[in-house]
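Inspection log for the structure reproduced underneath, given as C-alpha cells.
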Amino acid sequence: MKPIELLKMHRVIAISWISCLTFFSYNAAAQPELGECDREVEEVSINQFKRAQKAWEQKNQREIKRNLDLAIRSDEYNYHALYYLGEYHSRTGDLRITEAVWMRLMDICPDYKGDVIFKLGVILLENGQYDKGIEFLERYTTHPEREKRLVKQAKMIIDETDLIERLKSNPMPFDPKPLAHICTEDDEYLAVVSPDGEMCFFTRRSEKRDKYGGPAVDKKIVKEVFSMARIRPDGTFGKGGELPSPFNEGLNEGGPSIDAANRELYFTVCERDKEGYQNCDIYFSQRTGEYWSVPESVGDNINKPDSWESQPSISPNAHKLYFASNRKGGKGGIDIYVSHRNEDGSWGDPQNLGSTINTPKDEKSPFVHSDGQTLYFSSNGHPGLGGFDVYYSKYDGVEWGTPENIGYPINTEEDDLGLTVDLDGKTGYFSSNTLKGKGGWDIFYFDMPDAIQPEKVTLVKGRLVDEYDQPELDAELEIKNINTKESQRVRVDETTGEFAAVVTREPDVDHIVTVKKKGAAFSSRFLAGDLQTSLVSADLEVRDIIKGEEYRLNDITFETNSFDLDRIAKAVIEEFIVFLENNPNVNVEIQGHTDNIGSDGDNLLLSKNRARVVYEYMLANGIAKSRLQHDGFGAKKPIASNDTESGRAQNRRTVFVIR
C-alpha cells in the first residue's frame with residue numbers, strides 16, 4: 001500500500017494524461033471502435049446495445065445511458081455494452097464508474113481491445129490504484145494491438161510514477177528560511193547573489209493606497225523596483241533598496257545575472273506594444289569603477305520583435321550567455337539557448353541547447369553556476385512531480401548530460417521555478433508566495449544537499465597595480481591549468497585595475513595566474529587545487545625589468561628547516577622558466593632570505609640551500625648555467641619588521657634579481 005501523499009502525486013501525473021481518454025471518448029457522432037470477444041451474448045441484450053449505438057449517433061446522452069443499462073441488465077456479459085458504458089462515463093468524468101465497468105470487461109474479455117488496457121491503466125492511477133495502474137500500462141506496452149504513440153506515452157507515465165516513488169521514498173533535507181532584512185511585508189522575488197557574495201540583486205514590489213484619490217478610492221499604486229542589498233559585517237544582507245540611475249527609469253527591469261567580476265549585469269526588460277503584446281528582451285549594463293552604464297540591448301540576433309527572450313544567466317567569466325526564449329524553430333514552447341561571446345565583445349547567434357535539455361514542452365529559468373558546467377533550470381517536459389520541476393545537468397566539455405530532478409520536497413506538485421546557487425554551491429535561493437515568510441512573495445534560502453551541488457570552484461579576485469599601487473592598464477592576466485596547460489585571459493577593469501576569474505577546484509588540479517606584459521618582470525600567484533576556500537584574494541604587481549632590482553617569487557615556500565621543493569614551488573619555477581625562455585636576454589640571480597628566528601649561521605646556510613635547489617631545478621629544466629646565479633643571505637636583508645609574524649612571513653622569501 002503506497003502512502004497517501006505518494007498516491008496524490010501519482011494522481012497529479014495521471015491527470016495530465018486524462019486528455020488521452022477524451023480523445024478516445026465519443027466526439028460528436030463518432031462511434032467508439034468495438035473490440036472482439038468470443039463470448040456469446042443474449043439477443044435481447046444485443047438489440048438494446050444497438051439502440052444505444054443509435055442514440056450515440058444522435059448524441060442523445062439520456063438514451064445512451066438508458067439503453068446501455070438495459071443491455072447489461074439483460075446480459076451482464078455484454079462486453080460491447082460494458083465497453084460503451086465505460087467510454088460514456090470516461091467522457092462525463094465519472095472515472096470511478098469507468099474503472100468498475102472496465103475492470104468487469106477485463107474479467108470477461110482480457111484482450112477485448114488494446115487501448116482499453118492503456119486507458120484503464122491511466123484511470124487506475126488517477127483513482128489512486130498505483131500498483132494496478134502500472135500493471136495495466138506495462139501490459140499494454142507488449143499488447144499485440146499496441147500503438148507506437150500510446151506505448152511511448154505509457155512508458156513515460158511509468159517512468160514518471162517510478163520517479164515519484166523514488167523521490168518520495170528518498171526525500172532531500174530541506175528547511176528553507178526567508179532572507180532576513182531583505183524580506184519585508186512587500187513582495188521580493190527574482191533574486192541572484194553575486195559570485196563573491198557581496199551583493200544580492202532582486203525585485204521589490206509594493207502596493208500603496210493612492211493618497212491623492214480621496215477617502216472613497218480603493219485603487220492602489222503598484223511600484224516595482226529593481227533593487228540591491230549589500231552584505232553586512234555579520235554575514236547577512238541588509239534590507240537593500242532601489243538601484244540608482246541608470247536603473248529604474250521606466251524600463252521595467254528584473255531577473256538579473258552578474259558575472260564573477262561584478263562588472264557586467266544582465267537582466268530582462270519587458271514592454272507592451274500598441275497591440276498590448278508584452279515583449280521581453282535581454283539588456284545589460286557595464287560597471288566602470290562605481291558607475292553603471294546606460295542599459296543596452298544585447299543585440300538583435302538575440303532579441304527578436306516577435307519572440308520572448310528572458311531570464312538571462314551569464315557564465316562566470318562572461319564568455320557565454322544562457323537565456324530562455326519562445327522563438328520559432330525550437331524544440332517546444334519555451335527553450336533554453338546559449339550565445340557565445342565574440343572576440344569584439346558582441347554576442348554570437350544563439351544556439352539551442354538541444355533535445356537533451358529542451359523538450360516539446362517548456363524549459364525556462366536557466367541558471368549556470370560559477371563552475372560553468374552545472375546548469376539548473378525548470379521544466380514541465382521532463383519526468384517530474386507535477387507542473388514545473390527544477391532539474392540540473394552537467395556539462396562534460398562536449399555536451400550536456402541527462403537532466404536530473406533535484407528531488408522532493410524541493411520540488412512539489414506545484415510549479416517550482418527560479419533556483420540560483422551561491423559560489424561554494426552550499427546555499428540555494430528561490431522565491432515563493434506559499435511558504436511562510438514576511439510578506440506575499442519572499443526570497444528563501446536553504447542548504448543544498450550534497451547530491452545536487454555544483455562542482456567546487458575558486459573565485460580569484462584582486463587588483464593589478466604598478467609599483468606605485470596605481471591601476472596597471474597595459475598588462476594582461478593569464479590563468480593556466482597546470483595539468484592541461486590550457487590558459488584563459490582575464491579581463492582587467494580599465495579604471496580600477498580590478499580583476500576576477502573562476503577556476504574549478506579539484507584536489508589534483510592546480511592553476512597559476514601570471515602577468516603578461518612586454519618588458520615587465522615575472523609576477524604570479526599560485527592557486528592550489530586542494531584549497532579549502534572558494535574565495536581567494538590575489539593582488540599582483542607589475543614592475544619593469546630593471547637590472548639590480550629584486551622581484552619576489554610568490555608561493556615558493558619551505559617547511560621549517562627544510563629546503564625540499566614541493567609541487568607548488570616546482571609549478572611556480574616552471575612558469576618562471578617560461579618567462580625566461582620568452583625573455584632570452586634576461587639573466588637572474590636566485591636569492592634566499594629568512595626571518596631572524598634561529599642562529600645567524602643556520603639561517604645563512606638554510607637560505608643558501610633554498611636558493612641552490614631553485615637554481616638546480618631551473619638548470620635541470622633547460623635554463624643555461626650562464627644565465628643563472630644563486631646566493632643566500634639569511635636574515636641580513638629584511639624587508640619588514642621581524643617583531644611580528646606577518647613581518648617575519650614577508651622576510652621568509654625567495655626572490656630573483658636581474659643581472
If I filter segment 378-402 down to residues being buried (at least 21 other Cβ atoms within 10 Å of the Cβ) and of a type in the set (A, V, I, L, M), which single residue comes out as modelled with the lowest pLDDT? LEU385
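Yes or no, residue by residue, for (1) in contact with a Cys (Cβ under 6 Å, 6 or more places away or on another chain); (2) open to solvent by less than 60 Å² (accessible area, probe 1.4 Å); (3) free of Cβ contacts under 8 Å to residues at least 24 places away in the same chain; (4) within 15 Å of ARG653 (Cβ to Cβ):
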site	(1), (2), (3), (4)
VAL578	no, yes, yes, no
GLU589	no, yes, no, yes
HIS593	no, yes, no, yes
ARG610	no, yes, no, yes
TYR617	no, yes, no, no
ALA624	no, yes, yes, no
ARG627	no, yes, no, no
PHE633	no, yes, no, yes
Among ARG552, ARG543, which is open to solvent by less than 50 Å² (accessible area, probe 1.4 Å) and in contact (Cβ under 8 Å) with a residue 40 or more places away in the chain? ARG543
Cβ-Cβ below 7 Å, separation at least six or inter-chain, first residue in segment 55-83 and within 13 Å of GLU40 (Cα to Cα) and among the charged types (D, E, K, R), second open to solvent by 10 Å² or more (accessible area, probe 1.4 Å) and not in a helix (DSSP H, G or I): which pairs? ASP75/VAL41; ASP75/GLU42
For THR98, which of the numbered conditions (1) at pLDDT 95 or above; (2) polar (S, T, N, Q); (3) farther than 30 Å from HIS382 by Cα fails to hold? (3)
Where a residue in segment 251-266 is under 19 Å from PHE499 (Cα atoms) and its partner, wherever it lies, is outside any strand (DSSP E or B) and open to solvent by 10 Å² or more (accessible area, probe 1.4 Å), with Cβ under 6 Å and at least six apart: ALA260/PRO195; ALA260/PRO316
State which residue pairs qualify: first residue on the phi < 0 side of the Ramachandran plot and inside segment 148-159, second residue of a type in the set (A, V, I, L, M, F, W, C) and not in a helix (DSSP H, G or I) in any location, beta carbons under 8 Å apart, and separation of 6 or more residues or different chains. GLN153/TRP17; ILE157/TRP17
Regarding segment 325-345, can at least one residue be identified that is over 21 Å from THR402 (Cα atoms), in contact (Cβ under 8 Å) with a residue 40 or more places away in the chain and out of contact with any Asp or Glu (no Cβ under 8 Å at 6 or more places or on another chain)? no
I'm checking my understanding of the structure. Among residues of segment 351-376 that are touching a residue at least 24 places away in the same chain (Cβ under 8 Å) and open to solvent by 30 Å² or more (accessible area, probe 1.4 Å), which one is nearest to ASP450 (Cα to Cα)? GLN373
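Every residue, every condition in (1) charged (D, E, K, R); (2) at pLDDT below 95, yes or no:
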position: ILE282; (1), (2): no, no
position: VAL298; (1), (2): no, no
position: ASP306; (1), (2): yes, yes
position: GLN311; (1), (2): no, no
position: LYS320; (1), (2): yes, no
position: ILE334; (1), (2): no, no
THR141 - would you say it is modelled with pLDDT of 95 or more and among the polar types (S, T, N, Q)? yes
Scan of segment 98-123 for residues that are touching a residue at least 60 places away in the same chain (Cβ under 8 Å), of a type in the set (A, V, I, L, M, F, W, C) and either in a helix (DSSP H, G or I) or more than 25 Å from ALA71 (Cβ to Cβ) (or both), ordered by number: ILE108, VAL116, PHE118, VAL122, ILE123
Would you point out the residue of segment 74-85, among those that are open to solvent by 20 Å² or more (accessible area, probe 1.4 Å), among the hydroxyl-bearing types (Ser, Thr, Tyr) and part of a helix (DSSP H, G or I), that is farthest from ILE117 (Cα to Cα)? SER74
Applying the selection to segment 496-514, what residues are in contact with an Asp or Glu (Cβ under 6 Å, 6 or more places away or on another chain), in contact (Cβ under 8 Å) with a residue 40 or more places away in the chain and open to solvent by 10 Å² or more (accessible area, probe 1.4 Å)? THR504
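So that you can scan it fast, the table gives a plain yes or no per residue for (1) at negative phi; (2) surrounded by fewer than 18 Cβ atoms within 10 Å (Cβ to Cβ); (3) over 54 Å from the mean Cα position of the chain (by Cα):
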position: ALA30; (1), (2), (3): yes, yes, no
position: GLU42; (1), (2), (3): yes, yes, yes
position: LYS54; (1), (2), (3): yes, yes, yes
position: GLN61; (1), (2), (3): yes, yes, no
position: LEU68; (1), (2), (3): yes, no, yes
position: ILE72; (1), (2), (3): yes, no, yes
position: GLU87; (1), (2), (3): yes, no, no
position: LEU95; (1), (2), (3): yes, no, no
position: TRP102; (1), (2), (3): yes, no, no
Considering only segment 513-533, how many residues are within 18 Å of SER370 (Cβ to Cβ) and at pLDDT 90 or above? 2
Selection count where residues are open to solvent by 40 Å² or more (accessible area, probe 1.4 Å) and outside any helix (DSSP H, G or I), scope segment 128-164: 6
Given the criterion surrounded by fewer than 16 Cβ atoms within 10 Å (Cβ to Cβ), within 27 Å of VAL460 (Cα to Cα) and not polar (S, T, N, Q), identify the matching residue among GLU264, GLU271, GLU296, GLU343. GLU343
What are the residues in segment 394-413 that are touching a residue at least 12 places away in the same chain (Cβ under 8 Å), in a loop (DSSP other than H, G, I, E, B) and either aliphatic (A, V, I, L, M) or touching a helix residue (DSSP H, G or I) at 6+ places or on another chain (Cβ under 8 Å) (or both), if any? ILE406, GLY407, TYR408, ILE410, ASN411, GLU413
So which residues in segment 425-445 are of a type in the set (A, V, I, L, M, F, W, C) and out of contact with any Asp or Glu (no Cβ under 6 Å at 6 or more places or on another chain), if there are any at all? PHE430, LEU435, PHE444
Within segment 403-453, can you find the residues that are aromatic (Phe, Trp, Tyr) and open to solvent by less than 20 Å² (accessible area, probe 1.4 Å)? PHE444, PHE446
Quick one: in segment 244-253, of everything that is surrounded by 15 or more Cβ atoms within 10 Å (Cβ to Cβ) and out of contact with any Cys (no Cβ under 8 Å at 6 or more places or on another chain), which residue is farthest from SER346 (Cα to Cα)? ASN248
Test for LEU125: is it open to solvent by less than 70 Å² (accessible area, probe 1.4 Å) and more than 20 Å from LEU385 (Cα to Cα): no
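The values are calculated or read from the model by the stated rules, or taken from the named source; none is laboratory data. What you are looking at is a predicted structure, and each value in this text was computed from that prediction instead of being measured. With ideal geometry, Cβ positions are generated from the backbone for all residues, glycine too; neighbour counts draw on all protein chains shown. Side chains included, ligands, DNA and RNA excluded: accessible areas come from the protein's heavy atoms. Shrake-Rupley method; radii C 1.70, N 1.55, O 1.52, S 1.80 Å.
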